[in-house]
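Each remark here refers to the structure printed beneath this line.
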Amino acid sequence: MPGELAMPAAPPQRYHVRARVVAHEPLGGKYRRMVLEAPQVAAHARPGQFIHVDCSQGWVPFWRRPFSLSGRSGDCISFIYAVVGPGTRNLAKRRLAEEVDFLGPLGNGFHLHPTASPLIFVGGGYGVTPFFWLLEQAAGRAVHLIHGARSASELLRAAPNGAQVMYTTDDGSYGERGLVTDALRRRLSSPSARQAAVYACGPRPMLRAVALLAREFGVPCQVAMEELMACGVGGCFGCAVKVRGAYRLVCRDGPVFAADEVDWDEPA
Amino acid sequence: MSQHDATTDRAPGRAPAAPAKGGSAPSLEPSPALDLGVQLGGLRLKNPVLTASGTCGYGEVYGDLIDYNRLGGLMLKGTYLEPKLGNPPPRIVETPAGMLNSIGLQGVGVEAFLRDKLPALRRLDTAIILNINGSTVDEFAELAARLNGVAGLHALEVNISCPNVKVGGMEFGVDPRAAREVTEAVCRASELPVIVKLTPNVTDITVIARAVEDGGAAALSVINTLRAMSIDVRTRRPKLASITGGLSGPAIRPVAVRMVWETARAVRIPIIGMGGITTAEDALEFLIAGAGAVAVGTASFHNPSAPLAVLDGIEAYLREQGMTRLRDIVGSLETALYRSTKMEEK
Ligand SMILES: Cc1cc2nc3c(=O)[nH]c(=O)nc-3n(C[C@H](O)[C@H](O)[C@H](O)COP(=O)(O)OP(=O)(O)OC[C@H]3O[C@@H](n4cnc5c(N)ncnc54)[C@H](O)[C@@H]3O)c2cc1C
Ligand SMILES: Cc1cc2nc3c(=O)[nH]c(=O)nc-3n(C[C@H](O)[C@H](O)[C@H](O)COP(=O)(O)O)c2cc1C
Ligand code: FES
């Protein structure tokens, strides 16, 4: 059913803004949530899109850092990030009422299948963040969220209200021991999942495994991919992934791709 | 990078929401008209700030984020006769004060450029310069000829300096005879002003610069990226799939300024200086060293409005210095002072 999953073209409304921090809070573990007041961006953004944030001090680090949007409320957008390196450490120091310089909304976003049921969201590590918003968009429909990580400390356990969440950890320190794909296989094996659709975000090996499972069970699947990004807006051609034999740009043509169109066997 | 520290406190002008205006110091005197115009051979630019090739796509990338009409020109992404797949990922690496890239000139090919990209560019009030590539001299010439009589193109920039393609690319740019041959072939085939882009990956850039001048080039672009490499020590693998790539950004600026200075003393044709320009002060270094114009590349990835900030800052500087023409600053490097102090020390 690839035809049903035609990706919408990236919307042209993008902005370069300096937005006020209206909330910035720890979410447990390495995670923090930042809420920015950016009315134009909020008006045009959709789940699965990302923003490209200037996390530098004195031009260090030199590149901006991309983060998926995790929600919208009125004039504000929010994102959830893990503090892992110089950029995110700088970001963690931003205080309320300070300004954050970012580009967005960028990329295409998820496209929820109109009739599929249940909708299965699979988030590996910080790859779970876009699903916080997608869950809101899917309100009223049957949704399962499978969220996994290597260990409990890398899980984001601030799942939104009302969602059916299954946690997995590689080491069994929280939730089920094993990979998200073990849980996904079980879910897809159930007769009630014949009309399911799968949406996944996480490291490439996980996405590949999810894509193969979706193909095996014959259900549509979209994946939000990750690549190193310099410009974030289609200017440098750095964030290439091979899709149907040609290099496409994760920042401009993605980050969401139809899983069966990605050339998974290409090195990356 | 101490001169950039001021930007961290979010001085106005970093985001287009509040663009900085040069020369806005309160003054009752009407400011004298500033002539920012630049003549590059047969190519007239309204001001000296361009975008560097490969960093703004075909001009569509930042068009909605900044006003391209304010710039002197856009140097577009490298294009071949045929579409190019580009190199496998990973293609980019962040490095101290810069980055490596090995894009491999992924591009749509000239026919798709003319059909899909150029029409929108014709609506812009800025010079449009196409970066052309080939794997043989004949390919360069054929591409140049194909671009004759095309409305909306103002000049060609001949890329004999890409370090990231297997055939063609840099091999033309490191050999004076090959460099001259390509230049002559393109100049013969083309009706447009021909700019030739030089590589820094040579022992003496002036030898190549003179060969290209003799070949008939209208202007030179100096410099392309420096061949470079970065390794992941955990996996002991190169961070780029192509192993080596090209270094750009502030890290290469002092090398670029030096090469512009050397080139300016060796040739009579004008130079477009580039390599790590992020601010007006950076750009002024190039102009003082002898560049007639400048291009902003990698800095746009960090700050899309960097080219505009550079332009505003150049304007403000000229006013501060009481100058009325950009060309008064070009090549105005003052070296006498150092010599006399040194002599006094003796
Ligand atoms: C489209 C997209 C959406 C993302 N969304 C989120 C999100 O919602 N929450 C979140 O916590 N993280 C997200 N990331 C990853 C995030 O961008 C990186 O964790 C961040 O750039 C790390 O920066 P740093 O300077 O703190 O650490 P660094 O030391 O620079 O990097 C730490 C680790 O992150 C990797 N990394 C660095 N830059 C990137 C990048 N551009 N893409 C992927 N990995 C990178 C490095 O290879 C390294 O392994 C997203 C990445 C992409 C491409
Ligand atoms: C991602 C990227 C792509 C580039 N593509 C081209 C290209 O297609 N043709 C070319 O002549 N130069 C290309 N360059 C070189 C730049 O135009 C410029 O000469 C160089 O990056 C130095 O300037 P900068 O430090 O301001 O970026 C590219 C540079 C980068 C970073
Ligand atoms: S990050 Fe530059 S093209 Fe995608």
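Only Cα pairs under 8 Å and 6+ residues apart enter the sum, and on that basis the relative contact order of the range A:119-261 stands at 19 percent. Among B:K239, B:K117, A:K93, the sequence by solvent-accessible area, most first, with a 1.4 Å probe is A:K93, B:K239, B:K117.
Of all the options A:G140, A:G48, A:G235, the one that moves most in a Gaussian network model of chain A with Cα springs shorter than 10 angstrom is A:G140. What trypsin sites (Lys or Arg not before Pro) does the range B:261-322 have in DSSP loop regions with at most 14 other beta carbons within 10 Å? Within the range B:261-322, the qualifying trypsin sites (Lys or Arg not before Pro) (loop, at most 14 other Cβ atoms within 10 Å) are B:R268. Buried between B and A is an accessible area of approximately 3500 Å², summed over both sides with a 1.4 Å probe.
Where only protein heavy atoms count, and the probe is 1.4 Å, what is the accessible area per residue for the protein assembly as shown in Å²?
I get 41 Å² per residue for the protein assembly as shown.
Computed on protein heavy atoms with a 1.4 Å probe, the accessible areas place A:L103, B:L124 in the order B:L124, A:L103, largest first. Seen against the Cα atoms of chain B and their longest principal axis, helix B:336-345 is set at about 70 degrees. Across B:E213, B:E157, the residue with the most accessible area heads the list, and the full order at a 1.4 Å probe is B:E213, B:E157. Of B:D232, B:D282, B:D204, the residue with the greatest mean-square motion in the GNM of chain B, using alpha carbon springs below 10 Å, is B:D232. Accessible area of the range B:35-345 with a 1.4 Å probe: how many percent of it is carbon plus sulfur? Answer for the range B:35-345 is 51 percent, counting heavy atoms of protein chains only.
Between 0 and 90 degrees, the angle of helix A:180-189 with respect to the longest Cα principal axis of chain A falls at about 40 degrees. Kirkwood hydrodynamic radius computed over the protein assembly as shown comes to 25.6 Å, based on all pairs of distinct alpha carbons. Here the gap between A:A92 and A:E176, fully extended at 0.36 nm per residue and compared with their Cα-Cα distance, gives a gain of 27.2 nm. Simple spin-label estimate for B:D125 and B:V207 gives 4.7 nm between the two label positions (7 Å along the Cα-to-Cβ direction from each Cα).
Taking label positions 7 Å along the Cα-Cβ direction at both A:Q40 and B:R258, the computed distance is 4.3 nm, reported to one decimal.
Once a ≥ b ≥ c are taken as the square roots of the eigenvalues of the Cα gyration tensor of the range B:81-196, is the result rounded (a/c under 1.5), prolate (a/b larger than b/c) or oblate (a/b not larger than b/c)? Oblate shape, in that a/c is at least 1.5 and b/c is the bigger or equal ratio.
When only Cα pairs below 8 angstrom with a gap of at least 6 residues are kept, chain B shows a relative contact order of 20 percent. Comparing the chain by itself with all protein chains present, which residues of the range B:279-307 are at least 50 Å² less accessible (probe 1.4 Å)? Hits at the 50 Å² cut-off: B:F301, B:H302.
In the protein assembly as shown, the DSSP beta bridges split such that about 55 percent are antiparallel, to the nearest 5.
Relative to the dominant Cα principal axis of chain B, helix B:205-214 is inclined by about 70°. Pull out a ≥ b ≥ c, the square roots of the eigenvalues of the alpha-carbon gyration tensor of the range B:71-126, then state rounded if a/c is under 1.5, prolate if not and a/b is larger than b/c, and oblate in the remaining case. Taking the square roots of the gyration eigenvalues as a ≥ b ≥ c, the range B:71-126 is oblate. Name the shape class, rounded, prolate or oblate, that the alpha-carbon gyration tensor gives for chain B, where a ≥ b ≥ c are the square roots of its eigenvalues, rounded holds for a/c under 1.5, and otherwise prolate holds if a/b is larger than b/c and oblate otherwise. Rounded is the answer for chain B, as its axis ratio a/c remains below 1.5. Using C-alpha pairs below 8 Å separated by at least 6 residues, the relative contact order for the range A:15-106 is 41 percent.
The values are calculated or read from the model by the stated rules, or taken from the named source; none is laboratory data. If you're wondering where the values come from, they're calculated on a predicted model, not measured in any experiment. Reconstructed Cβ throughout: ideal geometry from the backbone, glycine too, with neighbour counts over all protein chains shown. Only protein heavy atoms, including side chains, enter the accessible area calculation; ligands, DNA and RNA are left aside. Shrake-Rupley method; radii C 1.70, N 1.55, O 1.52, S 1.80 Å.
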